[in-house]
Amino acid sequence: MNGDVKVTQLTASGRGAVAVIRVDMAGAETSGRFDSCFQAANGMLPSHAAVGRILYGMWDGEDVVVVRVGEHEWEIHCHGGDAAVARISQQLTVVDQPLDSLLLERVDDTSEGRLETAVLEQLLKCRTRRTASFLLSQYTGGLRRFLTTLSDQEDAATNAAVLADFLRWRTFASHLTTPWRAAVIGQPNAGKSSLLNAIIGYERSIVFDQPGTTRDLVEAELTLDGWPFLLIDTAGIRDRASNDIEAIGVESARGSVASCDACLLVVDSQKGWTNADAELLAAIPADCQSVILWNKTDLSHGGPAPLPQMSDATKIIETSAIDGIGIEDVITWLPTVMVPSSPDDAQGLPVVEALATELADYADDPSSVSLHDVLARWL
Ligand SMILES: Nc1nc2c(ncn2[C@@H]2O[C@H](COP(=O)(O)OP(=O)(O)OP(=O)(O)O)[C@@H](O)[C@H]2O)c(=O)[nH]1
Ligand SMILES: [Mg+2]
């Protein structure tokens with residue numbers, strides 16, 4: 001035991017095929033350390049798993065199975081042998097400190113200025129290793145180097161081009177700390193909640209064979225390809241909700257579409273493409289990426305139900321929440337369309353919103369803002 005994390009080996013010590021370690025984090029300030037050591041194959045954070053949930057994944061390069069056995073307790077099933085057990089125990093106990101201080105440790109030899117403090121604030125909000133690595137390279141000099149280049153640059157035209165290249169990563173930079181939002185929308189009973197469950201790999205939403213089951217929004221965080229996503233299950237969108245509670249759910253579903261980066265429109269292939277589906281598709285904002293999930297294809301025994309004829313290039317994925325058909329394609333589609341490209345390591349990134357706004361104002365109208373003053377405030 002070290003600090004407030006208790007680590008106990010449940011199996012006998014010595015060589016064995018499998019060792020079981022029980023971890024009690026009741027006294028720990030955060031389970032962030034556990035989350036950062038273990039990468040579940042389905043991307044779920046151990047601290048987000050329901051009690052009883054079994055997760056398969058990697059712990060420092062080794063295959064392990066993690067079971068959440070209580071509010072603050074987990075069991076880790078790893079390769080037998082004292083060395084493997086000792087390594088995991090040591091990582092959990094030595095690292096028993098908030099993720100924030102862990103990151104601070106990694107970066108505390110860097111000189112602190114207003115810029116670094118602001119980047120550090122963002123770094124501490126990162127939920128995945130991939131996003132944290134971008135923030136870390138900005139913190140350890142990337143952003144400062146970019147601003148210095150800008151201040152050394154005399155030629156206004158070159159500066160404008162350099163700034164434009166920097167600012168085009170603004171949306172990407174904001175998602176390093178805020179997940180991309182994807183709404184699962186569709187007619188009642190189309191299979192939205194079932195698909196969300198299949199995608200995130202566990203039963204987060206209530207599934208029922210009556211329309212109107214999901215009355216409110218259910219959100220689930222997941223990591224795909226190292227990027228953070230928030231999947232939002234919505235109440236079936238229909239014109240007239242049958243009662244008040246449902247009506248509130250339907251209303252928030254419409255709202256969530258408006259604030260989303262992507263929309264997964266679920267259609268019951270057994271009912272076929274209806275006018276209501278066409279209206280829903282048309283209501284998706286133009287700047288929101290969309291895909292039609294042609295669901296319940298496992299029921300198409302007499303041959304596949306005909307796909308809707310789309311006049312544009314709308315992507316359609318045939319799915320079955322029951323058989324898992326197409327789920328892999330959905331999981332691949334989301335990060336591919338949301339993050340089609342990412343900057344290289346050396347690129348300065350607009351990870352500090354206040355600074356990005358000042359530089360964008362200068363880029364919009366160089367005569368209204370003094371670049372020299374902006375840089376002097378941050379460097
Ligand atoms: N055979 C089959 N049944 C499915 C599939 N997806 C969902 N279902 C069933 O369809 C019914 C409705 O599923 P839900 O996931 O609750 O549908 P929903 O769109 O969330 O419904 P609301 O929340 O009421 O709008 C349930 O009985 C599911 O088991 C599928 O791919 N194949
Ligand atoms: Mg539902």
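The values are calculated or read from the model by the stated rules, or taken from the named source; none is laboratory data. The structure displayed is predicted, hence computed values, not measured ones. Because the Cβ atoms are built from the backbone with ideal geometry, glycine has one as well, and the counts that use them run over all protein chains shown.
Within region 127-157, the set of residues being modelled with pLDDT of 85 or more and either within 19 Å of Cys37 (Cβ to Cβ) or basic (Lys, Arg) (or both) comprises Arg130, Thr131, Ala132, Ser133, Leu136, Arg144, Arg145. Residues of region 38-47 that are buried (at least 19 other Cβ atoms within 10 Å of the Cβ) and over 15 Å from Trp227 (Cα atoms): Phe38, Pro46.
Yes or no: region 294-316 includes at least one residue that is touching a residue at least 60 places away in the same chain (Cβ under 8 Å), surrounded by 14 or more Cβ atoms within 10 Å (Cβ to Cβ) and of a type in the set (A, V, I, L, M). Step through it out loud before you land on a result.
Within region 294-316, the subset touching a residue at least 60 places away in the same chain (Cβ under 8 Å) is 295-296.
Still in the running and surrounded by 14 or more Cβ atoms within 10 Å (Cβ to Cβ): 295-296.
Now restrict to residues that are of a type in the set (A, V, I, L, M): none.
Checked against the condition, which is being touching a residue at least 60 places away in the same chain (Cβ under 8 Å), surrounded by 14 or more Cβ atoms within 10 Å (Cβ to Cβ) and of a type in the set (A, V, I, L, M), region 294-316 yields no hits at all.
On inspection, Asp365 fails the criterion of being under 23 Å from the mean Cα position of the chain (by Cα) and acidic (Asp, Glu). The residue of region 170-194 that is farthest from ligand 1 (Cβ to nearest atom), among those that are among the β-branched types (Val, Ile, Thr) and buried (at least 19 other Cβ atoms within 10 Å of the Cβ), is Thr177. When residues in region 185-202 are screened for being closer than 17 Å to Pro228 by Cβ and outside any loop (DSSP other than H, G, I, E, B), 3 of them pass. Among the numbered conditions (1) modelled with pLDDT of 90 or more; (2) under 30 Å from Leu176 (Cα atoms); (3) more than 16 Å from ligand 2 (Cβ to nearest atom), the only one that Thr319 does not meet is (3). Checking each residue in region 337-379 for being free of Cβ contacts under 8 Å to residues at least 60 places away in the same chain and outside any loop (DSSP other than H, G, I, E, B) picks out Thr357, Glu358, Asp361, Asp364, Asp373, Val374, Ala376. Among the conditions (1) more than 29 Å from Thr148 (Cα to Cα); (2) more than 16 Å from ligand 1 (Cβ to nearest atom); (3) crowded, with 18+ Cβ neighbours inside 10 Å, the only one that Asp287 does not satisfy is (3).
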